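Enquirer: The structure's right below; bear with me while I get my questions together.
The values are calculated or read from the model by the stated rules, or taken from the named source; none is laboratory data. Since the structure is predicted, the reported quantities are computational estimates derived from the model, not experimental observations. Cβ: placed from backbone, ideal geometry, glycine included. Neighbour counts: every protein chain shown. Please note that ligands, DNA and RNA were not included when accessible areas were found on the heavy atoms of the full protein model with its side chains. Shrake-Rupley method; radii C 1.70, N 1.55, O 1.52, S 1.80 Å.
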Amino acid sequence: MDQPLRALLWDMDGTLVDSEPVHRRSFVDAARICGLTLPGEFHTALIGKSEEAIHAILVADHGLSLSLAHWSELRFAAYLARIDEVHPFEI
(Lines give C-alpha, C1' and ligand atoms only; values in the text may rest on other atoms or scores of the structure.)
Protein backbone atom coordinates (compact mmCIF):
# COMPACT_ATOMS: atom_id res chain seq x y z
CA MET A 1 0.00 0.00 0.00
CA ASP A 2 1.61 3.25 -1.13
CA GLN A 3 -0.45 5.54 1.07
CA PRO A 4 -1.58 5.08 4.66
CA LEU A 5 -5.23 4.35 5.24
CA ARG A 6 -6.98 7.67 5.98
CA ALA A 7 -10.56 6.52 6.38
CA LEU A 8 -12.72 3.46 6.52
CA LEU A 9 -16.39 3.50 5.62
CA TRP A 10 -18.63 0.74 6.85
CA ASP A 11 -22.27 0.25 5.95
CA MET A 12 -23.95 -1.36 8.97
CA ASP A 13 -27.45 -0.49 7.79
CA GLY A 14 -28.85 -3.74 6.37
CA THR A 15 -25.44 -5.42 6.61
CA LEU A 16 -24.87 -5.86 10.34
CA VAL A 17 -28.22 -4.61 11.62
CA ASP A 18 -31.72 -5.38 10.43
CA SER A 19 -32.82 -1.77 10.02
CA GLU A 20 -35.00 -1.87 6.89
CA PRO A 21 -38.25 -2.69 8.76
CA VAL A 22 -37.60 0.27 11.08
CA HIS A 23 -36.89 2.55 8.12
CA ARG A 24 -40.23 1.49 6.63
CA ARG A 25 -42.20 2.01 9.85
CA SER A 26 -40.56 5.36 10.60
CA PHE A 27 -41.22 6.53 7.03
CA VAL A 28 -44.92 5.74 7.50
CA ASP A 29 -44.84 7.53 10.87
CA ALA A 30 -43.37 10.66 9.28
CA ALA A 31 -45.87 10.57 6.41
CA ARG A 32 -48.79 10.26 8.85
CA ILE A 33 -47.52 13.23 10.86
CA CYS A 34 -47.72 15.18 7.59
CA GLY A 35 -51.28 13.95 6.97
CA LEU A 36 -50.24 11.69 4.10
CA THR A 37 -51.75 8.27 3.51
CA LEU A 38 -49.52 6.30 1.16
CA PRO A 39 -50.09 2.96 -0.59
CA GLY A 40 -48.82 -0.09 1.32
CA GLU A 41 -45.82 -0.78 -0.92
CA PHE A 42 -44.91 2.88 -1.41
CA HIS A 43 -41.75 2.71 0.71
CA THR A 44 -40.50 -0.43 -1.05
CA ALA A 45 -40.60 1.39 -4.39
CA LEU A 46 -38.36 4.12 -2.94
CA ILE A 47 -35.48 1.90 -1.77
CA GLY A 48 -32.26 3.13 -3.32
CA LYS A 49 -33.61 6.59 -4.18
CA SER A 50 -32.06 9.70 -2.67
CA GLU A 51 -33.82 11.74 -0.01
CA GLU A 52 -34.13 14.52 -2.62
CA ALA A 53 -35.86 12.21 -5.11
CA ILE A 54 -38.22 10.84 -2.45
CA HIS A 55 -39.09 14.36 -1.31
CA ALA A 56 -39.80 15.41 -4.91
CA ILE A 57 -42.17 12.43 -5.36
CA LEU A 58 -43.97 13.22 -2.11
CA VAL A 59 -44.39 16.87 -3.11
CA ALA A 60 -45.45 16.24 -6.72
CA ASP A 61 -47.63 13.15 -6.26
CA HIS A 62 -48.88 13.31 -2.68
CA GLY A 63 -49.09 16.99 -1.75
CA LEU A 64 -46.30 17.17 0.83
CA SER A 65 -45.79 20.82 1.71
CA LEU A 66 -42.64 20.54 3.86
CA SER A 67 -39.26 21.68 2.62
CA LEU A 68 -36.64 19.02 1.99
CA ALA A 69 -34.79 20.09 5.15
CA HIS A 70 -37.90 19.87 7.33
CA TRP A 71 -38.95 16.51 5.80
CA SER A 72 -35.45 15.10 6.42
CA GLU A 73 -35.51 16.29 10.04
CA LEU A 74 -38.93 14.72 10.55
CA ARG A 75 -37.80 11.42 8.99
CA PHE A 76 -34.67 11.32 11.15
CA ALA A 77 -36.67 12.06 14.31
CA ALA A 78 -39.20 9.34 13.42
CA TYR A 79 -36.35 6.85 12.89
CA LEU A 80 -34.67 7.78 16.18
CA ALA A 81 -37.99 7.35 17.98
CA ARG A 82 -37.86 3.68 16.90
CA ILE A 83 -34.11 3.10 17.30
CA ASP A 84 -34.69 0.48 20.02
CA GLU A 85 -36.38 -1.66 17.33
CA VAL A 86 -33.12 -1.99 15.34
CA HIS A 87 -31.32 -5.25 16.13
CA PRO A 88 -28.20 -6.96 14.83
CA PHE A 89 -28.61 -9.82 12.41
CA GLU A 90 -28.31 -13.24 14.04
CA ILE A 91 -24.99 -14.92 13.30
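Enquirer: Could you give me the ³J(HN,Hα) list for segment 60-66, computed from phi with Karplus coefficients 6.51, -1.76, 1.60 and θ = phi - 60°, whole Hz, x at Gly and Pro?
Expert: 6, 9, 10, x, 4, 10, 7
Enquirer: Can you give me the accessible area per residue for the chain, using a 1.4 Å probe, in Å²? The partial results should precede the final answer.
Expert: Values: 6670 Å² over 91 residues.
Result: 73 Å² per residue.
Enquirer: Run the quick spin-label model on E85 and T37: label points 7 Å from Cα toward the beta carbon, then report their separation in nm to one decimal.
Expert: 2.0
Enquirer: Also: Based on the mean of other beta carbon atoms within 10 Å per residue, what is the order of 74-86, 21-33, most packed first?
Expert: Descending mean neighbour count gives 21-33, 74-86.
Enquirer: Could you give me D for the chain, from Stokes-Einstein at 20 °C and 1.002 mPa s, where the hydrodynamic radius is the Kirkwood radius over C-alpha pairs? Units µm² s⁻¹, please.
Expert: Estimated diffusion coefficient is 145 µm²/s.
Enquirer: Can I ask one more? Can you tell me the orientation of helix 20-33 relative to the chain, as the angle in degrees between its alpha-carbon axis and the longest Cα principal axis, to the nearest 10?
Expert: For helix 20-33, the angle is close to 30 degrees.
Enquirer: Leaving ligands, DNA and RNA out of it, report the carbon-plus-sulfur percent of the accessible area of the chain at a 1.4 Å probe. Intermediate values should be presented prior to the final figure.
Expert: Values: 3890 of 6670 Å².
C and S atoms contribute 58 percent here.
Enquirer: Quick check for me: using +1 on Lys/Arg Cβ and -1 on Asp/Glu Cβ, what's the dipole size of the chain about its Cα centre, in debye to the nearest 20?
Expert: 260
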